[in-house]
Structure formats: C-alpha cells, structure tokens
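These notes are about the structure you will find just below.
The values are calculated or read from the model by the stated rules, or taken from the named source; none is laboratory data. The structure presented is a predicted model; accordingly, all values stated were derived computationally and were not measured. Using ideal geometry, Cβ is built from the backbone for each residue, glycine included, and neighbour counts are taken over all protein chains shown. Remember, those area values only see protein heavy atoms, side chains included, never the ligands or the DNA or RNA. Shrake-Rupley method; radii C 1.70, N 1.55, O 1.52, S 1.80 Å.
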Amino acid sequence: MSDKHVVVSIDKARTFLSKVWSLTDHLFLQFVGTPNPGHTLGIVLFFMFLFSCADQEPNIPSSTGLLTELLREPEKAVITDSLPEFSWVFPSEGKYQQAFRILVATSEELLEEGKADMWDSKQEYSAKSVDVSYEGESLTEQSTYFWKVKVWGLENTQSGYSESQQFNTGIFQNREQEWPGQSHFVSLAAGKDQWVSEDRQTATFHAIVPIVFKATASGSYFADFGKAAFGTLEFTAISQVEGAEIAIYLGERQNQDSATVNKMPGESNIGFEKLLVNLKEGTHDYRVDIPAHHSRSPHTQKLAPFYPEVLPYRFVEIIGDSGVFEIISVTQRALFYPFDEEASSFSTDNENLNQVLELCKYTLKATPFLGLYADGNRERMPYEADAYIQQLGHYAVDREFSIARYTNNFLLHHASWPTEWQTHTLFMAWEDYMNTGNTEFIRTYYDDLRAKTLMALRMEDGLISSKTDKVTPDFRASLHYDGNKFRDIVDWPQGTPEGEKQERNAGPTPEGERDGYQFVDYNTVVNAFYYQGLVCMSDMAKAVGKLEDAIIFENEAAKVKQAFQRAFFDAERGVFLDGEGATHASLHANMFSLAFGLVETEQLPTVINFIKSKGMACSVYGAQYLLDGLFDAGEAAYALSLMTSDGQRSWMNMIRVGSTMTTEAWDEYYKPNLTWNHAWGAAPVNVMVRKVLGIQATSPGYETFHIRPKPGELKKIQIKTPTVRGTIACNLEVQESGWEMMITIPGNSTATLSLPERFDSITIDGKAVGHTSAIDPNGESYNAIILEPGTAKINAYE
C-alpha cells in the first residue's frame, strides 16, 4: 500500500471514530444522561458495525467478465433489445453474492454514485449475477451507454466497482427483417468504415506470419502458416519490370515430401485456389483478390460486403519468372470471430487425445467466421445437427453465447430437410437456457419450438413417421421448411448400392456411414429423437411457466417410450432393430437409444456389447451420440479408445492426412467431396468436458453444476473450461490408492462432485468430509460431496 493510501485510511478511521463517539454521547445525553463508559463501549461497537456496512473499504476483488445481452464486447456491436440483460463474474473470494449495485450512464464521467443519469439500482439484495434485466430510464435508439457493477458477498464482504463496459443501441422496433431476429451489419459512425453486427459480435482480420517461408527454387517461394484459416493473403514484392505475372497457389493441403501446394483437389472441397497477380515495378504491398464463393445450397451465408472474399488455406506457393521479382514477406490475413485463447485449456497423459483436443479447439476458433455456425466451406450453410455439436464445443472452449443463439434463430426459420435435424433446434434452445440462465429465446419462439417436436406427426400409439399423409404443406410450413424433400437421414453420407456408380457425396460401400440401416416407415432413430425432443420441450415449458404444456409433453414422452420398446426392441437378440418390421439391427438404432435413455437397465449388457462390436461404424456426426451414450453407460475406457484411435475412422486420421481442423468425414474414402473445415466433427472437446469430467449445469446459468469424472484409462487430466459465471478448472491425478484432484469453482456457484462408490474416505484440503450416496439412472452407485466457490484439493481413497 502506498503512503498516500495509508494517510487516507488513517483520516477515514479518525473521522469514523469521531462520528461514533459524538453520536454515542448525543444518544446518552438524550435518553440516559451522563454516559457510562461500559455502556458507551457497547454502543461504540454497535455503531462501528453499522458504519462499516455503510462505508467499507473493498475487501474482495471487483467483478470481471461483464456481458451485455450476452456480448462480452458490446462496444463492438449494437443491441436491439431496449431492456438488455447484464451479467458478470462474481469473485470467488466473496463466495456467494448477497447484493449488487449497477450504475448505467450516458458517459463514463457520469458513471458514479449520485451521477448515473440512466440507472442506479442502489444496493439490491439479490443473488443474481447473470441475466439481470435493465430497469432504468428508457434507452434511446442508436445511442451509447456505459455500465459497471459493485457486489457484496458473504461475511459482509464487498468489492469496488468493476471496470466500465460500453454498449451501443440500434433500432429497437420496426426493423426491416426478412425473418424474425435477422441481424444486420450497421455502421457505428456515419461516414466511417466501422461496421458491426446487431446482437452478435463481428469477425475481424488477424495478421499471421508463416512458420516457414523460403525460396524453394529460382522464381519459386513457399510458405506454411502452421494452420489453415479462412482468410486472404497479403504480400510484399519487388519487381524489376512493370506487369510481371506471378502465380499464387493457396491450399489446405501440401504435396508429400515437397514444399509445394497440392494442386489436384480432385472430388474433394479441400481449400485450393490459383490466382494470377501482375506486379508493379518497384517495391509494393499487395492483397490477393479471391473470387466470390458460390454455392447452390438454399441457405448459403455470404460474407458482409465490406469484407474481401476468403478461403481456407494453410500453404502458399508463388511461382514466376526467375530473376524478375522477389517476395519479401507474406502474411495470412485470417478472419476470426472473437475468441479467447485463454478461456480454456486441455491436457492429459495421452498424447493422441491432446492432439485431438487441440484440433477440435482450433476448429471452433476458425470456423464461425460468418457470424453463425455453418457447415464448412463447400455450402457455407447452417444445419441443425452441425450447429448443435458446434454449440456444445464452443461453450466448452470459449465464454461466447450470442452466436449459438443467433444460429438457432436462423435455423428455426430456415429448416433443412432431415426429419431428425428439426429436433436439434430444441436441444440448442435448451443448452442456451442452461448455459445462460436466460429464457428470452424460449419465450419469444415458444410456438416455433413446439412445432419442432414433430407432435403433428404422431399416430395413435405415440410413434411418428415422415412417410404418412400427415406430412402436409401446412406441416412443412409450421417447421419453416420450404422444400419438398423432407425425409429421414439417420446419418450421412449414405452408401453406394451394389452395382451403382459412387456419387461424390456418398460412401463407396452399400452401408455408408449408416451401418447398413434398413429404412422403414416407422424408424427407430427418428422416434428416439422424437422422444428426446418431447423431454426437452417439457423442461422448457416448465422453465417459462407453461406447466399444463409441460405435463402434455411429459405424458407424450412416456407414451412414446412404451411404444418404442414394443415396436423396436428385439428381446430374442437383445438389441434394437432399425424400425418397426425391420430385420436389421444397426449401430445407430442402438447408440441413439442409449444416448437418449431409452435402454432399460436389464437391456444394457446386450445393447452395449452390440455397440462395442461395431466400432466407429458411424460418421463424425454420429460419433457425438455414440460417445455420449457410452460414457453415460459407464463405458468410459471404450469411449476414450475411440477418441484416441489411430484407425482410418478417427480424429487422428484427420491429423494424419494433414488437416488442422476437423473434417466433414473420417476420410476422402468415405466421402470424396468432403471439406477439411467442418465443426460437426469436433465432438471430443465437448465430450471431454461434459462426459470425461462430467461438468454439466444442473440449474440454469451454472448456479449449480455437476462434476462427475469418468477418466477411463487416463491417469492425468487438466481442464479449464468457461461458464457464464466464470472458469471451472479441474486437475485429476489417478493414483494407485485413489484420486487426487484440484478443483476451482466460480464465485456464486455450487458444484456437486460425484466420486466412485469405492472411494469412501474423502478429504477437502486435508480435512475429512462426509458424503451422500446415490444411484444414477443406469444403476451405478456413487458418493457425492458439495464444493463451494474457490479452489480446493480433494483426496478420495478406498
């Protein structure tokens, strides 16, 4: 503490004691007479407590991680909600929030107590640190505001004010929109090239220098930027003559054992482009002009008009006439949506797994450049299943929520063709709510979400089919699907029937990525999704107070579960068939049943054995549900063996063939026209958080959450993952006699740590603690302890 601070503190103490003695004497003279020293001391202590509450020095850190409308950089956006919500990270030193005070003003200079001209909440006794709605003077459209917050914790602790955060308002009502919730690009300042998005962040270009840059021959240069990114290229060149032509090759793939770009993309959509540039005489800087992206997909997303076109590339090869030019430098201008590298980290004692997790994390950084979750560079189109897997992964690696919500908003109003994809919008809405604590999306689009349950297709026994006369134009319109190919998908890509020519988007064998699925009218996979969608919709109805609806969805789900068992389970073989009347049993019919809790306890042994006999006989999309189901069923070791496999159907194969992002299919062999930048393949990183360490919210906005490690054969795990309330960190070391863990719980949040039943001796920071015993839905017993905010060392032994 500086000398100045010491003097200030002493002066405050003198003033404070003077007030106390003066007020004490006054009270005794008024009510008692001449003060008694003993009584005076008691009164002094009483008033010391009162004054300390009213004028206390900060003794816990200020809040951090401010969000406005779920945006962490609202100054680089505009919001269209006239009543925005505020969130912050409460300091763990205060344990649990008891009160807060928010100030909102039209300038930072007015952001002081007694001066805030828009809102001073005063000291509001509330535990809410996420999703706190604005309650001040009416905000004006197209204006700028500032806010900050002060908090109080347990034991009379309090913070100073946080750093201020700026937010900008856009147009609140009567906005021109092609569909509800559409976001536009707007300029923050008239006449200036400062374009931002409404209600979401905006991707920006980042300069990346190569890890390798060299002249490979006379008139030839090669650069490797280490990882592919969606971007353009800038370079500096010296030319001896005016108009000298050079050829620039940008590509995601390098020729083996050669410092050259692979120029034979074949059937694939692996990034590649040849560009011709004419140089000016002398030394000049250049930016290549990439041709505009084209796709026939119905919902292709286009770059904003103020961006130059981009393509995914890692390698650059430049060729020209020898002695005529020299390349001085090259820079990859990578277009990234805002991403916090430090928000997450992953490390284990399995090197394959470490590489896979890094692959997935980088994919989730590099792919949302369009401002929503799209499926890769070929179509640049959002799909519901792709977006859901990307959402789970994005939450695991970065404290970012707006892009998932915006993507789901788009998908609600621009449905794709697969039957099962519709239900993913429900999953996304539920994850949005559980991760943010905000019900706004569910309330706003409740009727649209209800239609996505597909209840309109249900038959008398409760099951649904996409092949009945219930699939009417009105039904398709209720889903906002404007095509005529609505049908079941199960998995993708499909196979090639015997004797037929393989299509560019199909696998070479008849079974494809569907394990030979037998399509019938009443499909097991479709009805598994239908069941889970009803469960999800019931929970969302409860969240917004529609209790009668919740009961309807819950009862319908129970009816489906009974019909599901009756129609699809083959008791003799102990597995689920592909549909009613089918004779074939696929991996998919069983893994989706397992993932959605449709396998009864007594059925688990045969179903799991069947699943394990199939290996990874599904696509990178199906792998999400295969891994989820296996971990939930206690098959962590087998699930991790799939995540770390070196086989052709593996994430290690993606790395081996040269991709730096997860690929659309396991290999070109399985899908010739694949892309190397498809985030629906990034399941391992969310599985690592949600299943390996079992970190999942148990109440909205991570007010409470679960940690239930299932390390399988792993001996060391270190994970840091973000939440709306702050960072969760967990280090686990598996020892011969038990587990040693170091866990960090964010402030204003409580965790339940569940440990294997065999660990009945548990200590926290060296002190023995009691535990409660419980049994999970699969019949597995465990012991649970409660962890409060802060960092704790846990030892658990048999």
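The set of residues from segment 144-180 being open to solvent by 30 Å² or more (accessible area, probe 1.4 Å) and among the polar types (S, T, N, Q) comprises THR144, ASN156, SER164, GLN166, GLN173, ASN174, GLN177.
Which one of the conditions (1) assigned to a helix (DSSP H, G or I); (2) among the acidic types (Asp, Glu); (3) more than 22 Å from PHE592 (Cα to Cα) does GLU503 fail to meet, given that it meets all the rest? Of the numbered conditions (1) assigned to a helix (DSSP H, G or I); (2) among the acidic types (Asp, Glu); (3) more than 22 Å from PHE592 (Cα to Cα), the odd one out for GLU503 is (1).
Candidates ILE786, ILE717, ILE728, ILE764: the one that is more than 22 Å from GLU400 (Cβ to Cβ) and open to solvent by less than 10 Å² (accessible area, probe 1.4 Å) is ILE717. Scanning segment 99-128 for residues that are of a type in the set (Phe, Trp, Tyr) and open to solvent by 60 Å² or more (accessible area, probe 1.4 Å) yields a single hit, TYR125.
Where strands (runs of 3 or more DSSP E) fall wholly inside segment 195-241, the ranges with 2 or more residues that are open to solvent by less than 30 Å² (accessible area, probe 1.4 Å) are 195-198, 220-239. As for segment 72-84, it holds at least one residue that is of a type in the set (Val, Ile, Thr), farther than 14 Å from LYS148 by Cα and open to solvent by less than 20 Å² (accessible area, probe 1.4 Å).
Restricting THR675, THR772 to those that are buried (at least 21 other Cβ atoms within 10 Å of the Cβ) and either closer than 30 Å to GLY266 by Cα or without any contact (Cβ under 8 Å) to a residue 40 or more places away in the chain (or both) reduces the list to THR675. Somewhere in segment 550-568, is a residue within 30 Å of the chain's Cα centre (by Cα), open to solvent by less than 50 Å² (accessible area, probe 1.4 Å) and among the small types (Gly, Ala, Ser)? There is at least one residue in segment 550-568 that is within 30 Å of the chain's Cα centre (by Cα), open to solvent by less than 50 Å² (accessible area, probe 1.4 Å) and among the small types (Gly, Ala, Ser). Those strands (runs of 3 or more DSSP E) of segment 672-788 in which 1 or more residues are within 18 Å of the chain's Cα centre (by Cα) occupy 704-707, 716-723, 726-734.
For TYR517, the conditions (1) under 29 Å from the mean Cα position of the chain (by Cα); (2) in a loop (DSSP other than H, G, I, E, B) all hold with the exception of (1). Considering segment 316-367, the residues that are in a helix (DSSP H, G or I) and small (Gly, Ala, Ser) include one that is surrounded by the fewest Cβ atoms within 10 Å (Cβ to Cβ), namely ALA343. Report yes if some residue within segment 371-378 is at pLDDT 95 or above and part of a helix (DSSP H, G or I); otherwise report no. There is no residue in segment 371-378 that is at pLDDT 95 or above and part of a helix (DSSP H, G or I).
Taking the criterion of being open to solvent by less than 20 Å² (accessible area, probe 1.4 Å), in a loop (DSSP other than H, G, I, E, B) and within 25 Å of THR723 (Cβ to Cβ), the residues of segment 129-143 that qualify are SER129, VAL130, TYR134. Evaluate segment 426-440: report whether one residue or more is in a helix (DSSP H, G or I), in contact with a strand residue (DSSP E or B) (Cβ under 8 Å, 6 or more places away or on another chain) and open to solvent by 30 Å² or more (accessible area, probe 1.4 Å). Yes, segment 426-440 contains a residue that is in a helix (DSSP H, G or I), in contact with a strand residue (DSSP E or B) (Cβ under 8 Å, 6 or more places away or on another chain) and open to solvent by 30 Å² or more (accessible area, probe 1.4 Å). Of the set (1) over 17 Å from PRO493 (Cβ atoms); (2) without any contact (Cβ under 8 Å) to a residue 60 or more places away in the chain; (3) open to solvent by 10 Å² or more (accessible area, probe 1.4 Å), all apply to SER650 but (3).
In segment 490-504, is there at least one residue being farther than 25 Å from LEU426 by Cα and in contact (Cβ under 8 Å) with a residue 24 or more places away in the chain? Checking segment 490-504: at least one residue is farther than 25 Å from LEU426 by Cα and in contact (Cβ under 8 Å) with a residue 24 or more places away in the chain. Of the residues making up segment 447-463, one or more are within 22 Å of the chain's Cα centre (by Cα) and over 30 Å from ASN673 (Cβ atoms).
Would you mind finding the one in ASN748, ASN778, ASN795 that is of a type in the set (S, T, N, Q), surrounded by 18 or more Cβ atoms within 10 Å (Cβ to Cβ), in contact (Cβ under 8 Å) with a residue 24 or more places away in the chain and over 26 Å from HIS394 (Cα atoms)?
Values: ASN748 fails: over 26 Å from HIS394 (Cα atoms); ASN778 fails: surrounded by 18 or more Cβ atoms within 10 Å (Cβ to Cβ).
Criteria check complete, one pass: ASN795.
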